[in-house]
Ligand SMILES: Nc1ncnc2c1ncn2[C@@H]1O[C@H](COP(=O)(O)OP(=O)(O)OP(=O)(O)O)[C@@H](O)[C@H]1O
Ligand SMILES: [Mg+2]
């Protein structure tokens, strides 16, 4: 019984719920903004890598390798606490979005590259022989086919970005986790943390299930 | 009679391995040329240079309808005038047959959708697959797919059609339907360059047969001459080998 009132204290949970929901809103804002920026950045990097001159490609590859290697928490702290020393002062929200986008772009670029490379070379040749421009080759021929291949890993990446938004709490961003820890301190009871954990679960579990379904569908169907 | 395609001193190498040793070849407007030769002799490479799917040596020169074939803006013009049909069809699998044929005119020529569709349907009729217009390539037989590929190439109203072994990936019973379409095309005045192993077809349709070996043109002439009175020993032994079985 004591355990129950410690971890699943309903009055405490109800009292902290508005705070948790406002945290959820911030988490969603950070997550969705970073996901969209990451998708655009990643697609741009992947296509650049395909068509740009060699030295630009080398820079893109360097970017991708760096941001896939650096721990997100370290990057976030560098962006928020170190950049002000060179005069770049970003708000907690922008710091979180910047760090998440930088990393997500790198992963997304790799996902798109793999998807584009999976398209048979004959599709590029047929497009070229018809006189299609690079842009039309991508938009009309390659990407619509690659999208089937990249949707499962992209969804997976979205899940990771959503999870990683929790790191924003270290730069004083009032996201779901931060709100939960504050509510916990206030009520001297860990129930808000459990509540936050449940909200993360409710948010991400469906996406995990969707990825599993997509992976199954695309692995057996279509070429 | 001025040439539609001029190829002079065409050289191409992969590293230290030379595939084409300075080919000279002029092809007239409306001419049907069949290229034959053993595997690895450079036949595909030769025709793929004509629309610059393969890059070639800087001191080589190819022109199509007076336009130099080289990377840059003019290449789009060349490619709009040169259609290509591949051994493995290379249709766009995510589009219907009709969209496959409509795509290039709409994107390259900015043809109106309704006009592109009308022309695409007419072309599909011409290659004998108008009933399949709304299917996807994967639902068609190989012979049907290759005929769609021919219609797709024709949609740009090219002056030149290049064929790289268009029937080699087909089941034997479907070879005939594709060759029939090509025979009809040969009578329409479009210039055709065809890499093929179908000697009967080459004899019947070609204005000129070119025999290649080791990256060189060994012998060229009217089909009767090449098939019945070859001069070069290599031509003789090649024909002997392929016509024997
Ligand atoms: N990407 C490449 N890298 C290295 N060598 C190549 C490459 N592509 C072709 N070759 C070589 O160039 C030579 C000519 O090839 P090509 O495809 O033009 O021959 P082909 O006459 O069309 O033969 P086939 O009848 O088998 O199609 C071959 O020896 C081939 O191995
Ligand atoms: Mg070949």
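Tabulated values for the structure
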quantity	calculated
Flag if residue B:190 is more than 16 Å from ligand 1 (Cβ to nearest atom), in contact with a helix residue (DSSP H, G or I) (Cβ under 9 Å, 6 or more places away or on another chain) and under 19 Å from residue B:82 (Cα atoms)	yes
Condition met for residue B:40 (exposed (fewer than 15 other Cβ atoms within 10 Å of the Cβ) and on the phi > 0 side of the Ramachandran plot)	yes
Identity of the residue in the stretch A:131-148, in a helix (DSSP H, G or I), within 7 Å of chain B (Cβ to nearest Cβ) and without any contact (Cβ under 8 Å) to a residue 24 or more places away in the chain, that ends up nearest to residue B:79 (Cα to Cα)	A:136
Matching residues in the stretch A:31-57 - criterion: being without any contact (Cβ under 8 Å) to a residue 24 or more places away in the chain and in contact with a helix residue (DSSP H, G or I) (Cβ under 6 Å, 6 or more places away or on another chain)	A:48, A:57
Odd one out for residue B:222, checked against (1) touching a residue at least 40 places away in the same chain (Cβ under 8 Å); (2) under 23 Å from residue B:23 (Cα atoms)	(1)
Yes/no for residue B:75 being under 25 Å from residue B:4 (Cα atoms) and either free of Cβ contacts under 8 Å to residues at least 60 places away in the same chain or out of contact with any helix residue (DSSP H, G or I) (no Cβ under 8 Å at 6 or more places or on another chain) (or both)	yes
Selection count, the stretch B:26-68, where residues are within 14 Å of chain A (Cβ to nearest Cβ) and out of contact with any helix residue (DSSP H, G or I) (no Cβ under 9 Å at 6 or more places or on another chain)	4
Those residues of the stretch A:116-130 which are free of Cβ contacts under 8 Å to residues at least 60 places away in the same chain and part of a helix (DSSP H, G or I), in sequence order	A:117, A:121, A:122, A:123, A:124, A:125, A:126, A:127, A:128, A:129, A:130
Residue identified as closer than 19 Å to residue A:199 by Cα, under 23 Å from the mean Cα position of the chain (by Cα) and surrounded by fewer than 16 Cβ atoms within 10 Å (Cβ to Cβ) among A:83, A:28	A:28
Selection count, the stretch B:45-59, where residues are away from ligand 1 (no atom under 15 Å from the Cβ) and touching a residue at least 40 places away in the same chain (Cβ under 8 Å)	1
Tally of residues being within 12 Å of ligand 1 (Cβ to nearest atom) and free of Cβ contacts under 8 Å to residues at least 60 places away in the same chain across the stretch B:13-44	7
Test: residue in the stretch A:117-127 that is touching a strand residue (DSSP E or B) at 6+ places or on another chain (Cβ under 6 Å), within 29 Å of residue B:166 (Cα to Cα), crowded, with 19+ Cβ neighbours inside 10 Å and at pLDDT 90 or above	no
Single residue of B:234, B:208, B:203 found to be surrounded by fewer than 21 Cβ atoms within 10 Å (Cβ to Cβ) and within 16 Å of the chain's Cα centre (by Cα)	B:208
Criterion: under 23 Å from residue A:169 (Cα atoms) and in a helix (DSSP H, G or I) - qualifying residue of A:64, A:32	A:32
Test: residue in the stretch A:95-115 that is within 14 Å of chain B (Cβ to nearest Cβ) and assigned to a helix (DSSP H, G or I)	yes
The stretch A:149-185, residues that are touching a residue at least 60 places away in the same chain (Cβ under 8 Å), assigned to a helix (DSSP H, G or I) and surrounded by fewer than 19 Cβ atoms within 10 Å (Cβ to Cβ)	A:151, A:170, A:182
Residue identified as at pLDDT 95 or above and facing another protein chain (nearest Cβ under 9 Å) among B:82, B:101	B:82
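The values are calculated or read from the model by the stated rules, or taken from the named source; none is laboratory data. The structure presented is a predicted model; accordingly, all values stated were derived computationally and were not measured. We place every Cβ from the backbone using ideal geometry, glycine too, and count neighbours over all the protein chains shown.
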